[in-house]
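Here is the structure we will look at, set down as structure tokens.
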Amino acid sequence: MSQATEAGPATARPARLPPTTDDGFVGWLRKNLFSSIGNSITTIVVVAFLVWLITWFVDWALLHATFRAETGKDCAKSSGACWALIGEKFRYIFFGSFPYEQHWRPLFAIITMIAMLLLSSDRRMWNWRLAVIWPVGSFITFLLMFGQIHIPVTLIFLVALIAGLGGFLLRRDVADQGERVAYMALMAIGAVYLVLRILGVLPGLAIPIAPFSYVETGLWGGLAVTMILATYGLAFAFPYGILLALGRRSNLPLIRGLCVGFIELIRGVPLISLLIMASLMLPLFLPSGMNFDKFLRAQVAVILFAGAYIAEIVRGGLQSLPKGQFEAADAMGLNYVQKTVFIVLPQALRVVIPPLINTFIGFFKDTSLVLIIGIFDFLSTSNQALVDPLWTGYPGEVYLFAAAVYFFFCFSMSRYSKYLERELNKGTQR
Amino acid sequence: MAVRNLDAAPTVIELDQVNKWYGQFHVLTDIDLQVKQSEKIVICGPSGSGKSTLIRCINRLEEHQAGTIAVSVDGRRIELTSDVKNVEAIRKEVGMVFQSFNLFPHLTILDNLTLAPIWVKKMPKKEAEDIAMGLLRRVRIPEQAQKYPGQLSGGQQQRVAIARALCMRPQIMLFDEPTSALDPEMVKEVLDVMIELAGEGMTMLVVTHEMGFARSVADRVIFMDRGEIVEQGPPTEFFANPRNERTRTFLSQILHH
Amino acid sequence: MAIAHAPHAKARVAPWNDPVIRGWFFQIVVVGAVALLAWYLVSNTLANLERQKIATGFDYLSREAGFEIGDTLIPYSPASTYARALLVGVLNTLRVAVLGILLATILGTLIGVGRLSPNWLLSRLCEWYVELFRNVPLLLWLFLIYKVISDAFPGPRQAISLLWSSVFLSNRGLYFPVPVAHDVHRWMGVGLLVGIAAAWGIHRWAKARQAATGQPFPSIIAGAAAIVGVPILVWLLGGAPLDFSVPALKGFNFEGGTVIQPEFTALLVGLVVYTSAFVAEIVRSGILALHKGQSEAAYSLGLTRGQAMRLVLLPQALRVIVPPMTSQYLNITKNSSLAIAIGYPDLVASVNVTINQTGQAVENVLIIMAAYLSVSLSISLFMNWYNRQIALKER
């Protein structure tokens, strides 16, 4: 208890303690474990269960486990776990069929993506820095994974056009003369190149960046695949989920109908059906001759799926804004785009970041479904590791190992989301 | 209150036979109202009488369904139609202060003030910030410029909201029950700012129950009930001998409790 | 309207400044773009189907399926049609989804209440249960459970026999006796319906009596008695037939009785443990959302703990719980499609085989989507209706 701060006659009397003390170890035990007969029985039952579970597990996983073995047969001599299997297979579980001597590449790709996610989770980075971190991180990731990237010159000019157009539209009112000229120059250069390219005047050039040997997506596997599918699924689904949410809240009936229909359709069907659709129907959708990489098809399905879920979360954020915010923005004379960009989205998105992280955890787990259409994600490579005839009979060990890896990622993200929720709540009360 | 000659001043707001319904409910019935430049009007009435709706129609937060509303801006008469250009033009010149402040919680006080001048009036950032700081000094909280709305008291927030509206250099200010959400001890600091503003010749339409404010500042007090303007007149007359029975009942309820 | 006001000349608005016209212009552009994209995709698809000589239309549904399904609720053989194969899949999906929803709700509620237990150990245990199950993919749990079942239990010949050799547990599933079909069973079903109707009547009558006289009536006990009692009475009247079909080992597997197959068990257990972790969180936050003042007010009015719970607290907690619970129920239904990974023949599995045999991907994907959409929509319609029933009336 804190000292009594108010002065008065009460302070003159000696402090009297309550009859039984609440603090100390015994007090804690009494309060939390043995407060009543029912409570005591519960405690005893739970302790008995835990003792049984822990002794069994320690016995299986440590005391009688085999840590070194040539083949699975050596493990059979002991009754415990066969951890030697993990030691034998962990390279395959983590990296799949990626060329063995090149395993450092997916390893560094994973590290790059983790670094990207860690940097993005720092609130001080939530500004233009994200716009640098993500393109650079993505470039490194895919360069490591593919080994060679051919950047079409057209793409560079397209980016120039879009950047110029976006900058011009968004900052038209605040930019000074020089900045405006820069945007217009970017637009002009981009547009001229694209027109000439489409007319066929200019050849289709590409800048090759090829420091490593090329590895096709069919050989990718393991943790890197899981992380790419989840991370880029979310990254691409995010802007389009926001658009869907805005569309659903719009007062234009056709737009709203379109968005509601799409969101409900996607959310009403299982991810598997979208994956099957992507793997079987996407090739049919495209003109003959145009072929779509299997990995990309799965990625497209994940993005479509994620967008609908993100849209619903963002909609929750939009709905949480008090009407007064919209009215105040209107009364100031802001137009729809300004209102949305300056007032609505910054507040709505801040509210939805914790549920968005939970959705990301969901995608991280759900990407495991791609094994059904034959992509070697982390769960799939774990599963494949069991196929080796020399090591049959120890599925529990591999699955527990995979579960531990998934748990590590998902649990730390959920802790971060909880922490952020507290921080953001604090933020509004500042 | 000093008697000013308002008759010579130009009319800045004209409402002619304005009608509005919420579904079947008739909120505004045949409202006729003319506001002269730098006139101060206090609108009072029981809750649900349509007084907030009336001033929210003037900057088209609510859409009226019949009649005309016109606002004069720099001598140019702009009628409120569905034309977005007209709505934009009027909103630039008409500031509004809300009962619940409606400050943007994710922006600092200074950013709250400079947002509209920069993006709507296309003012350079530096200039907007100078104006904003000047206004914050006027409402006596310049030291709070870098804080966020959540860190301020209710009275301070409402003063920021007034400064935010003033930052657009409006010719007309609308106040929608600006002191109703405040604790009693904070009401005065907001009213003081409004009185000061009135002294500078701002055209003001104020929905409020602060009869003291009405007495000392208003040129005209309007009493509304069930969507109609029941009675209006200079405060001395209005409070001394209200002509309508409904006005008398309302005044006795609000003054003697 | 009573007001006759002079019509004012409507001011002319330039069309590009009229928000309504702007809105429609924008909408038509967007919808047009979407329609164009759809037309492009459909025309490509049709061209591709033509080129690859793939049939279109749903004619194949009436053809012979020719594949085996291991676990069926209705009679099915490879000679049955594709339509019937798909129906078997739908029923299997529904079976696992309904049972999963029921069990996950019960288990999840227990865990959620356990997390709020004053007993520190119990609440920690429940917390770790939640964290463990929801932070690992469902598919991994399914694989693990399925592999454990098929590895840990012996083959049929060494089956574990329980209850005087009437129940057998092996890696082929759990075999147990069932009553031999008898006409009385149909009448018992009718009796059950009568019992439910009677229970509802008793409840209504008890409510009316309490409203009129203030006397409560133990309607829950009486209703339960009616629901259980009437079918038993019918069974006794029908001569109480007691013939059971008992499983017995014949060759390599059991015959007679009925079986819960390991695929089904693994899927159900996986769905239940995974979803119950989410349900527990929902129940916990629903209870936590209740304002402490509510229970204090109820107690101070003299309500007992049970009455306070039933009349004041639970109705309010349900309001918070129902919407997220709905999405968990939808999730169970959709997640049941993971069945395909462990070989339980649900709808997606049936469709997958059908696609492989007929090559008609478009029609079959449409069937999957239509089936899941109708299940999802029915659950959300029902839950929305329920939500409206219990919603707070506000002005």
Qualifying helices (runs of 4 or more DSSP H) (wholly inside the stretch A:79-147; at least 3 residues being more than 23 Å from the chain's Cα centre (by Cα)): A:84-95
Do you know which of the residues in the stretch A:210-231 that are of a type outside the set (A, V, I, L, M, F, W, C) and part of a helix (DSSP H, G or I) is nearest to A:Ala306 (Cα to Cα)? A:Thr231
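For every residue, the table says whether it meets (1) assigned to a helix (DSSP H, G or I); (2) within 12 Å of chain C (Cβ to nearest Cβ); (3) open to solvent by 10 Å² or more (accessible area, probe 1.4 Å); (4) in contact with a strand residue (DSSP E or B) (Cβ under 9 Å, 6 or more places away or on another chain).
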{"site": "A:Pro346", "(1), (2), (3), (4)": "yes, no, yes, no"}
{"site": "A:Val351", "(1), (2), (3), (4)": "yes, no, yes, no"}
{"site": "A:Gly362", "(1), (2), (3), (4)": "yes, yes, yes, no"}
{"site": "A:Leu371", "(1), (2), (3), (4)": "yes, yes, yes, yes"}
{"site": "A:Val398", "(1), (2), (3), (4)": "yes, yes, no, no"}
Could you check, for the stretch A:285-306, whether at least one of its residues is within 27 Å of A:Val260 (Cβ to Cβ), in contact with a helix residue (DSSP H, G or I) (Cβ under 8 Å, 6 or more places away or on another chain) and basic (Lys, Arg)? yes
Considering only the stretch C:82-127, state which residues are part of a helix (DSSP H, G or I) and of a type in the set (S, T, N, Q). C:Asn92, C:Thr93, C:Thr105, C:Thr109, C:Ser123
Of all the residues that make up the stretch C:293-322, how many are touching a residue at least 12 places away in the same chain (Cβ under 8 Å) and hydroxyl-bearing (Ser, Thr, Tyr)? 1
Can you find a residue that is touching a Leu at 6+ places or on another chain (Cβ under 8 Å) and among the β-branched types (Val, Ile, Thr) anywhere in the stretch A:164-179? no
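Let's see how each residue does on (1) under 15 Å from the mean Cα position of the chain (by Cα); (2) under 30 Å from C:Pro19 (Cα atoms); (3) assigned by TED's automatic domain parsing to the domain that holds A:Pro270:
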position: A:Val341; (1), (2), (3): no, yes, yes
position: A:Leu356; (1), (2), (3): yes, no, yes
position: A:Gly362; (1), (2), (3): yes, no, yes
position: A:Lys365; (1), (2), (3): yes, no, yes
position: A:Ile375; (1), (2), (3): no, no, yes
Scanning the stretch A:329-348 for residues that are without any contact (Cβ under 8 Å) to a residue 60 or more places away in the chain and closer than 30 Å to A:Leu229 by Cβ gives A:Pro346, A:Ala348
What number of residues within the stretch A:254-297 are more than 26 Å from the chain's Cα centre (by Cα), more than 7 Å from chain C (Cβ to nearest Cβ), surrounded by 15 or more Cβ atoms within 10 Å (Cβ to Cβ) and closer than 14 Å to C:Thr45 by Cβ? 1
Given the options B:Arg169, B:Arg159, name the one that is open to solvent by 30 Å² or more (accessible area, probe 1.4 Å), within 16 Å of the chain's Cα centre (by Cα) and more than 9 Å from chain A (Cβ to nearest Cβ). B:Arg169
Pick from the stretch A:91-106, criterion in contact (Cβ under 8 Å) with a residue 60 or more places away in the chain and open to solvent by 10 Å² or more (accessible area, probe 1.4 Å), ranking: farthest from A:Phe376 (Cα to Cα): A:Gln102
Of the residues that make up the stretch A:187-209, is at least one part of a loop (DSSP other than H, G, I, E, B), within 12 Å of chain C (Cβ to nearest Cβ) and free of Cβ contacts under 8 Å to residues at least 40 places away in the same chain? no
So in the stretch C:102-151, with the set limited to residues that are of a type in the set (Phe, Trp, Tyr) and open to solvent by less than 50 Å² (accessible area, probe 1.4 Å), which one is farthest from the other protein chains (Cβ to nearest Cβ)? C:Tyr129
Taking helices (runs of 4 or more DSSP H) that fall entirely within the stretch C:302-371, which contain at least 1 residues that are under 30 Å from C:Ala47 (Cα atoms)? C:347-358
Filter the stretch C:22-74 for residues that are surrounded by 14 or more Cβ atoms within 10 Å (Cβ to Cβ), in a helix (DSSP H, G or I) and away from chain A (no Cβ under 12 Å) and give the result. C:Tyr60, C:Leu61
Determine if the stretch C:333-345 includes at least one residue that is surrounded by 15 or more Cβ atoms within 10 Å (Cβ to Cβ), more than 14 Å from chain A (Cβ to nearest Cβ) and within 18 Å of the chain's Cα centre (by Cα). yes
Per the filter on the stretch B:91-112, residues open to solvent by 20 Å² or more (accessible area, probe 1.4 Å) and either under 27 Å from B:Met186 (Cβ atoms) or touching a Phe, Trp or Tyr at 6+ places or on another chain (Cβ under 7 Å) (or both) are B:Gln99, B:Ser100, B:Phe101, B:Pro105, B:His106, B:Leu107, B:Asp111
Residue set C:Val362, C:Val351; condition more than 17 Å from the chain's Cα centre (by Cα) and crowded, with 23+ Cβ neighbours inside 10 Å; output residue C:Val351
The stretch A:373-387, residues that are aliphatic (A, V, I, L, M) and either buried (at least 23 other Cβ atoms within 10 Å of the Cβ) or touching a Lys or Arg at 6+ places or on another chain (Cβ under 9 Å) (or both): A:Ile373, A:Ile375, A:Leu379, A:Ala385, A:Leu386
Would the stretch B:177-198 turn up any residue that is open to solvent by 40 Å² or more (accessible area, probe 1.4 Å), part of a helix (DSSP H, G or I), within 23 Å of B:Asn241 (Cβ to Cβ) and touching a helix residue (DSSP H, G or I) at 6+ places or on another chain (Cβ under 7 Å)? no
Count of residues meeting criterion [assigned to a strand (DSSP E or B) and β-branched (Val, Ile, Thr)] in the stretch C:172-217: 1
Name the one entry in A:Gly307, A:Gly317, A:Gly324 that is within 14 Å of chain B (Cβ to nearest Cβ) and crowded, with 21+ Cβ neighbours inside 10 Å. A:Gly317
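Table: residues versus (1) open to solvent by less than 50 Å² (accessible area, probe 1.4 Å); (2) farther than 29 Å from A:Tyr232 by Cβ; (3) not charged (D, E, K, R).
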site	(1), (2), (3)
A:Asn127	no, no, yes
A:His150	no, no, yes
A:Leu161	yes, no, yes
A:Gly164	yes, no, yes
A:Gln177	no, yes, yes
Which numbered condition trips up B:Leu115, out of (1) in contact with a Phe, Trp or Tyr (Cβ under 8 Å, 6 or more places away or on another chain); (2) surrounded by 19 or more Cβ atoms within 10 Å (Cβ to Cβ); (3) more than 8 Å from chain A (Cβ to nearest Cβ)? (3)
Within the stretch B:199-216, can you find the residues that are crowded, with 21+ Cβ neighbours inside 10 Å and in a helix (DSSP H, G or I)? B:Phe213, B:Ala214
Please tell me if C:Ile160 is more than 9 Å from chain A (Cβ to nearest Cβ), under 24 Å from the mean Cα position of the chain (by Cα) and hydrophobic (A, V, I, L, M, F, W, C). no
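The values are calculated or read from the model by the stated rules, or taken from the named source; none is laboratory data. Computed from a prediction, not measured in an experiment: that's the story for all the values here. Virtual Cβ from ideal backbone geometry, glycine too; neighbours counted across all protein chains shown. For accessibility, only protein heavy atoms count, side chains too; no ligands or nucleic acids. Shrake-Rupley method; radii C 1.70, N 1.55, O 1.52, S 1.80 Å.
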